[in-house]
Amino acid sequence: MYFPKSNRSAFVNFLRSKYEMWTGEVLVRTHPSYMGIDPSSICQLRCPLCPTGVENDEKKSGRSISFRERTFLNLEIFDSLIDELGEYLFLVMFYNWGEPLLNKELPAMIRKAKSFDIATEIHTNLSLPLTDPFIDDLLNSGIDDVAASLDGFSQATYQTYRRGGNFELAKNNIERLAKARDRLGLKTNIIWNFLVFSFNEHDIESTRKYCEQIGITFNRREAFIDRPEWLPSYRKGELDPNPTVPTASENAATQKRITTPCAWHYNYSMVNANGSISPCCAPWEQKHDFGLIQPGQIGFTDIWNNNLYRKSRGAFAGKRVKGLEKLDTLCLRCPYGHDIQNQYSFNDDQVRQRFLDVYQDTEPLLYRAFSLLENPQAFTEFFQANSIDNFATAPVLVTFRNQDNSPKLNRAETSNSVFRLPFSKTWLNQALQIWREKGLGVLIHRTWQYIGRTIQK
Ligand SMILES: C[S@@+](CC[C@H](N)C(=O)[O-])C[C@H]1O[C@@H](n2cnc3c(N)ncnc32)[C@H](O)[C@@H]1O
Ligand code: SF4
């Protein structure tokens, strides 16, 4: 996917977050470069290997399990998140535990993300009624990739996994999207994502041909499968029918998982529909989440450096975090391993390419840092020997008050009060002096050096 980001601070943040990852920083100054933001944890389908589908299925049969709050992301949380992090984000993936197109605010969210030059994508089951104006609105929002999950090419094969789904409806919707894209003269990449199982393997070629015909991308994908009869022919034997207790060497392998850094602690993050932050995209139970965004009170950065994050980063870096010795987090027992821990790092090549397009000739220091990314040790040494981070900036949320201490700005205007200042107390003090000279009382909510409490001046 093409990344349109061009502000220098996003590239500096990207490089610095790599530095913080490879040096195992516990308290970070940087922000994620890629983010999953889930518009909806609600879904209408019952896919049997998806926790949301399982929860829906249980409800249908009268039982009740609840892995997480089922809700739509609201614009207030979304806006506060993008106001805080939009400067640094290269990519927002609008999906995780539900059906994104059920949230009718999605086009507005994408528009806002695009105003920060962020690349955007959704994964959708497309098995829902969509009006023509909504389709146009979605495409006109500037969304880059619309990936539809259709695992089969007939109702029979499709519904084996997409339980409750309507194949003709979803297929018709993908055609409508392709036609609307062409009519509107847009370049949106429309993708047919096909998870391969034993029951739909024979549909692959017909689906591929159909995608060619209607001018969309066909993308076959490997599914997570935990029942042997669903493994496609070329994966047979992958599942052990008699799993045994882990051996000592397997336990050692588990330990090894947390001796290399996890990119989710530095370079990317997952925000759920209720505003909670998960340590990565895989844990489906809310009880493992690390914190809850509350616009105006608790921002992403507050959670990003809270005890759970610091303890998790420390554990991966082999560092003891004073005062948090007894704190437990899912990351300490990470069940996912290297692939999930680095799931989105393949996007780093796109960031580097974009940097070359924009800054190759004008930023020799950053150019050298980018060229050393393949070699973490050389990269860290170079970073330490130079002061790239001196040029970085961070958001500082400021509320101006009248002399009588009543808030001067109303809620709608508070986003105007996010300033970006270099990582330097001198700059902050200079800004404070200027604001005070203008007769403004000033409340600083967060500064570049997060120290675990609100700083009031
Ligand atoms: C949980 S879904 C949420 C988005 C949307 N409802 C959908 O299904 O596309 C996110 C992604 O997980 C994929 N997914 C669902 N079940 C899967 C499985 N068993 N193995 C791998 N990916 C799976 C979906 O196809 C989709 O790409
Ligand atoms: S459509 Fe997506 S979110 Fe819904 S149950 Fe299936 S995989 Fe899960």
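Among residues of segment 64-77 being hydroxyl-bearing (Ser, Thr, Tyr) and without any contact (Cβ under 8 Å) to a residue 40 or more places away in the chain, the one that is nearest to Asp349 (Cα to Cα) is Ser66.
The number of residues in segment 2-46 that are of a type in the set (Ser, Thr, Tyr) and in a loop (DSSP other than H, G, I, E, B) comes to 6. Looking across segment 343-380, the residues that are surrounded by 16 or more Cβ atoms within 10 Å (Cβ to Cβ) and in a loop (DSSP other than H, G, I, E, B) come down to Gln343, Tyr344, Glu363, Leu372, Leu373.
The number of residues in segment 1-50 being surrounded by fewer than 23 Cβ atoms within 10 Å (Cβ to Cβ), β-branched (Val, Ile, Thr) and within 16 Å of ligand 2 (Cβ to nearest atom) comes to 1. Residues in segment 98-114 that are more than 16 Å from ligand 1 (Cβ to nearest atom) and in contact with a Phe, Trp or Tyr (Cβ under 9 Å, 6 or more places away or on another chain): 5 in all.
Those residues that are outside any loop (DSSP other than H, G, I, E, B), among the aliphatic types (A, V, I, L, M) and more than 14 Å from Phe290 (Cβ to Cβ), I need them from segment 312-342; list them, please.
Looking only at segment 312-342, we keep the residues that are outside any loop (DSSP other than H, G, I, E, B), and these are 312-317, 330-333, 338-341.
Subsequent filtering for residues that are among the aliphatic types (A, V, I, L, M) retains 315, 317, 330, 332, 340.
Once the filter is applied, which keeps residues that are outside any loop (DSSP other than H, G, I, E, B), among the aliphatic types (A, V, I, L, M) and more than 14 Å from Phe290 (Cβ to Cβ), segment 312-342 yields Ala317, Ile340.
Note on segment 133-165: residues that are away from ligand 1 (no atom under 14 Å from the Cβ), within 18 Å of Asn200 (Cα to Cα) and crowded, with 18+ Cβ neighbours inside 10 Å total 2. A count restricted to segment 51-88 and to residues that are farther than 19 Å from Gln297 by Cβ, away from ligand 2 (no atom under 16 Å from the Cβ) and surrounded by 14 or more Cβ atoms within 10 Å (Cβ to Cβ) stands at 3.
Val398 fulfils the conditions (1) in a loop (DSSP other than H, G, I, E, B); (2) at pLDDT 55 or above; (3) farther than 27 Å from Met93 by Cα; (4) not polar (S, T, N, Q) except for a single criterion, (1).
Yes or no, residue by residue, for (1) within 19 Å of Ala369 (Cβ to Cβ); (2) away from ligand 1 (no atom under 16 Å from the Cβ); (3) at pLDDT 95 or above; (4) out of contact with any strand residue (DSSP E or B) (no Cβ under 8 Å at 6 or more places or on another chain):
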residue	(1), (2), (3), (4)
Ser9	yes, yes, no, no
Leu27	no, yes, no, yes
Thr30	yes, yes, no, yes
Arg46	no, no, yes, yes
Arg63	no, yes, no, yes
Phe78	no, yes, yes, no
Gly86	no, yes, yes, yes
Asn96	no, no, yes, no
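Pairs linking a residue in segment 124-144 that is at positive phi to a residue that is assigned to a helix (DSSP H, G or I) and at pLDDT 95 or above, with Cβ atoms under 7 Å and 6 or more positions apart or on different chains, are Leu126/Ala170; Leu126/Asn173; Leu126/Ile174; Gly142/Ile110; Gly142/Arg111; Gly142/Lys114.
Only a single criterion out of (1) in contact (Cβ under 8 Å) with a residue 12 or more places away in the chain; (2) not in a helix (DSSP H, G or I) is not satisfied by Thr52, namely (2).
Note down all Cβ pairs under 6 Å where the first residue falls in segment 78-105 and is more than 17 Å from Arg162 (Cβ to Cβ) and in a loop (DSSP other than H, G, I, E, B), the second is within 16 Å of ligand 2 (Cβ to nearest atom) and of a type outside the set (A, V, I, L, M, F, W, C), and they're at least six residues apart or on different chains. Filtered contacts from segment 78-105: Phe94/Pro39; Phe94/Pro100; Asn96/Gly36; Asn96/Asp38; Asn103/Pro39; Asn103/Ser40. Taking every residue in segment 174-199 that is of a type in the set (Asp, Glu) and pairing it with any residue that is at pLDDT 95 or above and surrounded by fewer than 20 Cβ atoms within 10 Å (Cβ to Cβ), at least 6 positions away or on another chain, the pairs with Cβ-Cβ distances below 9 Å are Glu175/Ile214; Asp182/Gly215. Provide a single number: the residues in segment 115-132 that are among the β-branched types (Val, Ile, Thr), surrounded by fewer than 24 Cβ atoms within 10 Å (Cβ to Cβ) and within 12 Å of ligand 1 (Cβ to nearest atom). Adding up the residues that qualify gives 1. Of everything in segment 89-144 that is within 16 Å of ligand 2 (Cβ to nearest atom) and charged (D, E, K, R), the residue that is nearest to Arg16 (Cα to Cα) is Glu121.
The values are calculated or read from the model by the stated rules, or taken from the named source; none is laboratory data. No experiment lies behind these values; they were computed from the predicted model shown. Cβ atoms come from the backbone with ideal geometry, glycine included; neighbour counts cover every protein chain shown.
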